[in-house]
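Presented below is the structure to which this report refers.
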Amino acid sequence: MSTDFERHYTKVVDDNNLEELRDILVSKDSKLSNRFRALFNFKTVAENKEDFENAKKAIEYMYLTFGDDSELLKHEVAYVMGQTENLYAAPFLRKVMLDAAQQPMVRHEAAEALGALGDKDSVDDLKKCLENDPHPAVIQTAELALARIQWEHSPEAENEKLQQSLYASTDPAPSLSLEKDFTIAQLKTLLNDQKQPLFDRYRAMFRLRDIGTPEAVSALASGFDDPSALFKHEIAYVFGQMGAPSAVPRLVEVLARMDEAPMVRHEAAEALGAIATPDVVPVLKHYLNDPVDVVRESAIVALDMYEYENSNEFEYAPEAK
């Protein structure tokens with residue numbers, strides 16, 4: 001897809017109805033940042049349990065984007081659908097996950113979204129994905145999603161004492177239970193122990209995120225040495241959530257790895273945009289000409305996020321009617 005998104009488009013994304021937002025979201029002529037704003041408007045509609053008809057319509061409109069060329073946009077749409085807590089999205093996500101024509105990063109995000117939804121009806125298709133998908137990141141995501149669904153519908157999910165998270169996201173794995181008082185060193189060891197189930201390592205990751213101290217940031221950064229692209233991309237995502245300036249040097253280093261998996265570099269770029277310290281701007285501008293589409297587009301979105309974080313705006317996306 002063309003990435004000439006720096007031109008100033010005339011379309012406005014505030015005060016739109018659902019059909020107008022749909023047109024912005026699916027149009028390749030729309031500025032990428034406006035397409036993202038339309039997407040997050042749809043998220044607020046899709047998670048509204050009191051207006052199920054419009055919620056369904058929002059999900060159906062989001063699904064239209066999977067015919068697009070932009071790997072970044074489709075990946076973000078899958079993520080958003082998984083965060084809606086609306087099971088109406090599950091059949092659409094299963095189609096995307098099993099569609100070999102979709103890029104691996106998109107299939108991975110669809111699988112992760114099914115885990116976030118906790119959809120038991122998706123177990124069989126996730127097992128198909130686990131057994132048949134050729135891409136390691138998609139296979140690992142299916143493994144995680146199956147483990148998360150199993151956990152969510154188990155007694156442990158009801159009985160475990162979990163830290164109240166500062167973050168609104170539904171994560172690929174819950175933080176480790178507070179019933180055991182792990183040290184940061186112990187969490188770091190579990191995080192990096194490749195012999196342990198990936199689900200348990202992710203639980204350590206999110207426990208470190210929720211602790212949030214400089215020592216926890218340092219422990220998380222050690223995960224960038226892992227061989228798994230999926231694992232490294234999640235570390236970058238977590239740093240973006242935390243908004244931790246101390247993570248910037250490692251994120252810059254990861255973004256500069258030209259032989260690194262695009263899904264990792266893309267997530268590092270977006271994390272830098274979310275952290276939004278002034279020193280990230282020249283770094284992100286450098287990658288506006290990156291040879292990898294998803295990295296280049298992520299730099300565009302990250303710079304837009306930076307501008308938002310440093311503006312007086314209250315909403316990344318205005319509310320849809």
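Checked against (1) open to solvent by 20 Å² or more (accessible area, probe 1.4 Å); (2) part of a loop (DSSP other than H, G, I, E, B); (3) out of contact with any Leu (no Cβ under 8 Å at 6 or more places or on another chain), GLN102 meets all criteria but (1). Considering the stretch 171-195, and only residues there that are among the hydroxyl-bearing types (Ser, Thr, Tyr) and open to solvent by less than 30 Å² (accessible area, probe 1.4 Å), the residue that is farthest from LYS232 (Cα to Cα) turns out to be SER177. Only one entry of ALA247, ALA256 meets the criterion of being at pLDDT 95 or above, open to solvent by 30 Å² or more (accessible area, probe 1.4 Å) and over 15 Å from the mean Cα position of the chain (by Cα), and that entry is ALA256. Selection of first residues in the stretch 59-75 that are on the phi > 0 side of the Ramachandran plot and of second residues that are surrounded by fewer than 22 Cβ atoms within 10 Å (Cβ to Cβ) and at pLDDT 95 or above, restricted to Cβ pairs under 7 Å at least 6 apart or on distinct chains, gives an empty result. If you filter the stretch 211-236 down to residues that are over 27 Å from ILE139 (Cα atoms) and part of a helix (DSSP H, G or I), you find that the one that is most open to solvent (accessible area, probe 1.4 Å) is GLU215.
So that you can scan it fast, the table gives a plain yes or no per residue for (1) modelled with pLDDT under 95; (2) open to solvent by less than 20 Å² (accessible area, probe 1.4 Å); (3) of a type in the set (Gly, Ala, Ser):
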{"position": "VAL238", "(1), (2), (3)": "no, yes, no"}
{"position": "HIS266", "(1), (2), (3)": "no, yes, no"}
{"position": "ASP290", "(1), (2), (3)": "no, yes, no"}
{"position": "ALA302", "(1), (2), (3)": "yes, yes, yes"}
{"position": "ALA320", "(1), (2), (3)": "yes, no, yes"}
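Hey, does the stretch 143-157 have a residue that's in contact (Cβ under 8 Å) with a residue 24 or more places away in the chain and either in a loop (DSSP other than H, G, I, E, B) or surrounded by fewer than 17 Cβ atoms within 10 Å (Cβ to Cβ) (or both)? Yes, some residue in the stretch 143-157 is in contact (Cβ under 8 Å) with a residue 24 or more places away in the chain and either in a loop (DSSP other than H, G, I, E, B) or surrounded by fewer than 17 Cβ atoms within 10 Å (Cβ to Cβ) (or both). In the stretch 224-252, the residues that are touching a residue at least 12 places away in the same chain (Cβ under 8 Å) form Cβ pairs under 6 Å with partners that are surrounded by fewer than 22 Cβ atoms within 10 Å (Cβ to Cβ) and of a type in the set (Val, Ile, Thr), at six or more places apart or across chains, as follows: ALA244/VAL217; PRO245/THR277; SER246/VAL217; ALA247/VAL217; VAL252/VAL283.
Inspection of the stretch 113-133 finds a residue satisfying the criterion of being in contact (Cβ under 8 Å) with a residue 40 or more places away in the chain, touching an Asp or Glu at 6+ places or on another chain (Cβ under 9 Å), of a type in the set (Gly, Ala, Ser) and assigned to a helix (DSSP H, G or I). Would the stretch 43-50 turn up any residue that is open to solvent by less than 30 Å² (accessible area, probe 1.4 Å), out of contact with any His (no Cβ under 6 Å at 6 or more places or on another chain) and in contact (Cβ under 8 Å) with a residue 60 or more places away in the chain? Yes: the stretch 43-50 contains one or more residues that are open to solvent by less than 30 Å² (accessible area, probe 1.4 Å), out of contact with any His (no Cβ under 6 Å at 6 or more places or on another chain) and in contact (Cβ under 8 Å) with a residue 60 or more places away in the chain. Scanning the stretch 76-92 for residues that are open to solvent by less than 10 Å² (accessible area, probe 1.4 Å), part of a helix (DSSP H, G or I) and either in contact with an Asp or Glu (Cβ under 9 Å, 6 or more places away or on another chain) or farther than 20 Å from ASN17 by Cβ (or both) turns up VAL77, ALA78, MET81, GLY82, ALA89, ALA90. Being open to solvent by 30 Å² or more (accessible area, probe 1.4 Å) and either without any contact (Cβ under 8 Å) to a residue 40 or more places away in the chain or farther than 30 Å from THR84 by Cβ (or both): is that true of TYR167 here? No. Could you pull out the residue among LEU73, LEU32, LEU25, LEU64 that is under 24 Å from PRO104 (Cα atoms) and at pLDDT below 95? Just a single option satisfies the conditions, and that option is LEU32.
The values are calculated or read from the model by the stated rules, or taken from the named source; none is laboratory data. From a predicted model like this one, the values you see are computed outputs, not experimental measurements. In this analysis, Cβ positions are derived from the backbone assuming ideal geometry, glycine residues included, and neighbour counts consider all displayed protein chains. Remember, those area values only see protein heavy atoms, side chains included, never the ligands or the DNA or RNA. Shrake-Rupley method; radii C 1.70, N 1.55, O 1.52, S 1.80 Å.
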